[in-house]
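K.L.:
I am attaching a structure below and will ask some questions about it afterwards.
The values are calculated or read from the model by the stated rules, or taken from the named source; none is laboratory data. Everything numeric here is computed off the predicted structure, so don't read it as measured data. For neighbour counting, all protein chains shown are included, and Cβ atoms are generated from backbone atoms with ideal geometry for every residue, glycine included. Only protein heavy atoms, including side chains, enter the accessible area calculation; ligands, DNA and RNA are left aside. Shrake-Rupley method; radii C 1.70, N 1.55, O 1.52, S 1.80 Å.
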Amino acid sequence: MSGEEKILLPPGSTIGIIGGGQLGRMLSTAASRLGFHCHIYDPHISGPAAEVSKFETNGEYDDLKRIKAFVEACDVITYEFENVPALTAAFVETIKPLYPGSFPLKIAQDRYIEKKFIRDEANVPVTEFEKISSLDDLKKAIIKIGLPAVLKTRRFGYDGKGQFIIKSQNEISAAWESMKDSPAILEQFINFKREVSVVAARSQLGETASYPLIENIHKNHILHRSVAPSVPDNKNAQNIALKVLNSLDYVGVIAIEFFEQENGDLLVNEIAPRVHNSGHWTQNAGCVDQFELHIRAITGWPMGDTNPKNKVEMTNLIGDDYRNLNETSKTSKTFIHLYGKKTVKPGRKMGHINRIVN
Ligand code: AMP
């Protein structure tokens, strides 16, 4: 059998997923189509992913005893969110294969380490940035970078949380106070033309694949809508994705978010070492979707077809949006995906709709 034909993990094997939210749920569903079993590790019982999976272990993410028992019951491990504690990821790797691994997690968990790695190791352009540990650092960085600028916490920031846009000199102290002494970075404010992303993957065998460019529209800092394949395209996005995948020696699906400038140049904003909300459109695009692609990549299967046959518009169902789906469910070329979350909260992602545009 040649290397390319080799299937490393046979159907019937068990894939462990750390994190039991909607991404875990959709990974588990994709894995079951290929004949795998999934085992979910999450602190909460019977969440969106566990509900559709064969096995579940509940425990805190830093409870290494529980983690050990979970890992020993699986053949390969992955994660659905990037805040898995670094110690836990490193521990898992000593027992079983963990994909994409603890190194991409370490990069993605800290905006400063992330931007530095992407700029200096992957050789890909990012927004100008400076490391900030004090008010004095901030004042010096503003002299270098200028205003407006964006101050962001290095860790645990998502959907615009932990961010302050500094427009004038007299906002500097308030911006620093809002960080509550957390280490931060200052970034140049980019007047981008569009926000775009790419979802790509690299397999255990080094095979790579990617989807076309995705255009993203945010509302209140949360992703609202993604459309793909995006027109106009920006071919450079895929080249950048390949550079990042190879520089991380990556296995699995990655998402890379960019600011596209007026002249078409792309700056990487951030990477997500996992399947991503901006890739949900692939579920109804007529090709292998991002969830199956990740499962294929981490089990050593061939990557399959990532060329969409349809243009798809994905809209997130946030909070109460998901209650009135009666009309939507009658609409042609429209597909509803719900996550089975038991309680609705403002800002909580409850599901999404994929509408085939052509
Ligand atoms: P982030 O948490 O870094 O993904 O930022 C959330 C959103 O804030 C992005 O999707 C952008 O809309 C906006 N944003 C973040 N950083 C910048 C920046 N340097 N310049 C302009 N807008 C930004």
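K.L.:
Considering each residue of the stretch 262-279, count those that are over 21 Å from Ile185 (Cα atoms) and open to solvent by 10 Å² or more (accessible area, probe 1.4 Å), and give that number.
P.N.:
To start, the set of residues in the stretch 262-279 that are over 21 Å from Ile185 (Cα atoms) comprises 262-265, 274-279.
Pick out the ones that are also open to solvent by 10 Å² or more (accessible area, probe 1.4 Å) and you get 262-265, 274, 276-277.
So the count comes out to 7.
K.L.:
Within the stretch 17-90, considering only strands (runs of 3 or more DSSP E) that don't extend past its boundaries, which have at least 3 residues that are open to solvent by 60 Å² or more (accessible area, probe 1.4 Å) and in contact with a His (Cβ under 7 Å, 6 or more places away or on another chain)? Give the derivation first.
P.N.:
Details: elements: 37-42, 55-58, 76-79.
Of the strands (runs of 3 or more DSSP E) lying wholly inside the stretch 17-90, none has at least 3 residues that are open to solvent by 60 Å² or more (accessible area, probe 1.4 Å) and in contact with a His (Cβ under 7 Å, 6 or more places away or on another chain).
K.L.:
Can you find, within the stretch 140-154, the residue that is surrounded by the most Cβ atoms within 10 Å (Cβ to Cβ) among those that are basic (Lys, Arg) and within 12 Å of the ligand (Cβ to nearest atom)? Steps first, answer last, please.
P.N.:
Going residue by residue through the stretch 140-154, those that are basic (Lys, Arg) are 140, 144, 152, 154.
Still in the running and within 12 Å of the ligand (Cβ to nearest atom): 152, 154.
Numbers: Lys152: 23, Arg154: 21.
Selected residue: Lys152.
K.L.:
Of the numbered conditions (1) under 26 Å from Arg194 (Cα atoms); (2) more than 16 Å from the ligand (Cβ to nearest atom); (3) not in a strand (DSSP E or B), Leu317 satisfies every one except a single condition; which is it?
P.N.:
(3)
K.L.:
Select from the stretch 91-128 the residues that are among the acidic types (Asp, Glu) and open to solvent by 60 Å² or more (accessible area, probe 1.4 Å) and write down the one among them that is nearest to Ile295 (Cα to Cα).
P.N.:
Within the stretch 91-128, the match that is nearest to Ile295 (Cα to Cα) is Glu93.
K.L.:
Being in contact (Cβ under 8 Å) with a residue 60 or more places away in the chain and in contact with a helix residue (DSSP H, G or I) (Cβ under 9 Å, 6 or more places away or on another chain) is true for just one of Gly304, Gly300. Which residue is that?
P.N.:
Gly304 is the lone residue from the list that is in contact (Cβ under 8 Å) with a residue 60 or more places away in the chain and in contact with a helix residue (DSSP H, G or I) (Cβ under 9 Å, 6 or more places away or on another chain).
K.L.:
Do we find that Phe189 is touching a Pro at 6+ places or on another chain (Cβ under 6 Å) and of a type in the set (Phe, Trp, Tyr) in this structure? Lay out the reasoning, then the answer.
P.N.:
Details: touching a Pro at 6+ places or on another chain (Cβ under 6 Å): yes; of a type in the set (Phe, Trp, Tyr): yes.
Yes.
K.L.:
Consider only pairs whose beta carbons are under 7 Å apart and that are at least six residues apart or on different chains; among these, list those whose first residue lies in the stretch 269-282 and is part of a loop (DSSP other than H, G, I, E, B) and whose second residue is of a type in the set (Phe, Trp, Tyr) and open to solvent by less than 20 Å² (accessible area, probe 1.4 Å).
P.N.:
Final answer for the pair search is Arg274/Tyr79; Val275/Phe291.
K.L.:
Let me ask something additional. Got at least one residue in the stretch 164-182 being within 13 Å of the ligand (Cβ to nearest atom), part of a loop (DSSP other than H, G, I, E, B) and over 21 Å from Leu105 (Cα atoms)? Reasoning before the result, please.
P.N.:
Of the stretch 164-182, the ones within 13 Å of the ligand (Cβ to nearest atom) are 164-167.
Cutting the leftovers down to part of a loop (DSSP other than H, G, I, E, B) gives us 167.
Restricting the remaining residues to those that are over 21 Å from Leu105 (Cα atoms) gives 167.
Scanning the stretch 164-182 turns up at least one residue that is within 13 Å of the ligand (Cβ to nearest atom), part of a loop (DSSP other than H, G, I, E, B) and over 21 Å from Leu105 (Cα atoms).
K.L.:
Filter the stretch 280-292 for residues that are open to solvent by 10 Å² or more (accessible area, probe 1.4 Å) and of a type outside the set (Gly, Ala, Ser) and give the result. Let's see the steps before the verdict.
P.N.:
Let us first name the residues in the stretch 280-292 that are open to solvent by 10 Å² or more (accessible area, probe 1.4 Å), namely 283-284, 286-289, 292.
Within the stretch 280-292, Gln283, Asn284, Cys287, Val288, Asp289, Glu292 meet the criteria.
K.L.:
Another question, if that's okay. Would you mind telling me which numbered condition in (1) open to solvent by less than 10 Å² (accessible area, probe 1.4 Å); (2) without any contact (Cβ under 8 Å) to a residue 60 or more places away in the chain Val231 fails?
P.N.:
Among (1) open to solvent by less than 10 Å² (accessible area, probe 1.4 Å); (2) without any contact (Cβ under 8 Å) to a residue 60 or more places away in the chain, the lone unmet condition for Val231 is (1).
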